[in-house]
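Accompanying notes for the structure given below.
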Amino acid sequence: MEIKIGKTSGFCYGVKNAVQKSEEELLKTNGEVYCLGELVHNKEVTEALKNKGLNFVENIDEASGKLIIRAHGVPKQIYEKAKKRNIELVDLTCPNVLKIHDIAKEYCQKDYYIFLIGKKQHPEIIGTASFCGKNHKVISQKEEIKEAIKAVKKSKIKHVLIIAQTTYNMKTFEEIVEEIQNKVPKNIDIIVKNTICLATELRQKETEKISKEVELMIIVGGKNSSNTNKLYDISCENCENVIFAENKDDIDIEKISKFQKIGIMAGASTPNKSVEDIIKALNDVVLV
Ligand code: SF4
């Protein structure tokens, strides 16, 4: 059996930084440390941090003392609320996300209409949208383009900025941009900034490559992780057999041992151990 493991698998630098710094905070702080939402979309990582004393809350009103802001970032109102309530923030927003906030602020001030391509309910999009002002639309899929263009026409704004969620599907982003450019009236100019992060882009490209070369593809990561779901979608386009597993317990190792070529890729919030456990289980079955 040949196993191809993605070189870009596992924690990206934004997630690695968030996990490391949170652990450091837990060691150096005497009082309670809170985190707004899951630090990363992965059950095992969340459980491990909980066991080390991190308190996860869904609302800033439940926090006091020190509050960690995760790599996805938060809406600007959270910064204002924390200041008012004297909560010390440990801001672990990924620099790539902060860069998008800055772009959104800049073009909002220049009175652009902003199209934000990404998943509506994703925390990163909710955060970025708060910096876009009232003239913005989140576009999650192609079917929403028509409505977004209608809104721009109604606003009478003649400049549109298109940006994306850092972990959005590269191919879909390009298709959406092309369709917008074809449908927007000629008197409205469009600026496109591809804000999909490099770590995401490389991971998606490698997933596409590996999934074309193997008989079975295993995508490892949290089911609620947006970037991992995209890796699954990409694999399904290129490979007949794809498994989405949070860890080795989700895989029937005996059943898949009939495949001669297996590919493995993990999302940005997946710890290396989850991948290592699967590889070990596969190797054990081969050696029997
Ligand atoms: S996926 Fe990219 S933007 Fe998101 S945390 Fe990782 S490095 Fe940062």
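The values are calculated or read from the model by the stated rules, or taken from the named source; none is laboratory data. Predicted model only: the values in this text are computed from it and were never measured. With ideal geometry, Cβ positions are generated from the backbone for all residues, glycine too; neighbour counts draw on all protein chains shown. To get the accessible areas, we keep the full protein, side chains included, count just its heavy atoms, and leave off ligands, DNA and RNA. Shrake-Rupley method; radii C 1.70, N 1.55, O 1.52, S 1.80 Å.
Remarks
- For the stretch 35-187, the spread of Cα positions along the three principal axes, ordered from largest to smallest, is 56, 33, 22 Å.
- Accessible surface for C35 stands near 0 Å², nearest 10, in the context of the full protein assembly shown (1.4 Å probe).
- Length-normalised contact order for the chain - Cα pairs under 8 Å, 6+ apart - percent: 21
- Span from the the stretch 190-248 Cα centroid across to the the stretch 110-186 one, whole angstrom: 23
- Debye equation applied to the C-alpha atoms of the stretch 13-93, log10 I(q)/I(0) at 0.12, 0.15, 0.20, 0.22 Å⁻¹: -0.29, -0.46, -0.83, -1.02
- In the stretch 158-205, the trypsin sites (Lys or Arg not before Pro) that fall in loop regions by DSSP, at most 16 other Cβ within 10 Å: K158, K186, K193
- Taking amide H as placed 1.01 Å from N in the peptide plane, H136 has its amide H under 5 Å from the amide H of I114, each at least 5 places away in sequence or on another chain.
- 10 Å Cβ shell holding at most 11 others, DSSP loop, GluC sites (Glu not before Pro): longest site-free stretch of the chain: 59-239
- Value of D in µm² per second that Stokes-Einstein yields for the chain, Kirkwood Rh from Cα pairs, at 20 °C (1.002 mPa s): 105
- Expected 222 nm ellipticity per residue - DSSP helices of 4 or more, -39500 (n - 2.57), all of the chain, to 500: -14000 deg cm²/dmol
- Intensity falloff of the stretch 222-288 expressed as log10 I(q)/I(0), Debye formula with alpha-carbon point scatterers, at q = 0.13, 0.16, 0.21, 0.29 Å⁻¹: -0.36, -0.55, -0.93, -1.46
- Value of Rg/Rh across the stretch 79-153 [Cα atoms, Kirkwood radius]: 1.04
- Extension gain (nm, one decimal) between E147 and K50, 0.36 nm per residue minus Cα-Cα: 30.7 nm
- Nearest-10 value in Å² for the accessible area of V192, using the 1.4 Å probe: 60
- Restraint check, K43/K119; K230/K280; K156/K183; K209/K258; K28/K66, Cα-Cα greater than 18 Å: K43/K119; K230/K280; K209/K258
- Gaussian network model of the chain, springs between alpha carbon atoms under 10 Å - residue of P185, P123, P75 with greatest fluctuation: P185
- Annotation for the stretch 245-288: trypsin sites (Lys or Arg not before Pro) lying in DSSP loop with at most 11 further Cβ atoms inside 10 Å of their Cβ are K258.
- Apolar share of the accessible surface for the stretch 129-193: 51 percent from carbon plus sulfur atoms, 1.4 Å probe.
- Cα-derived Rg over Rh, computed across the stretch 145-186 with Rh taken as Kirkwood radius: 0.99
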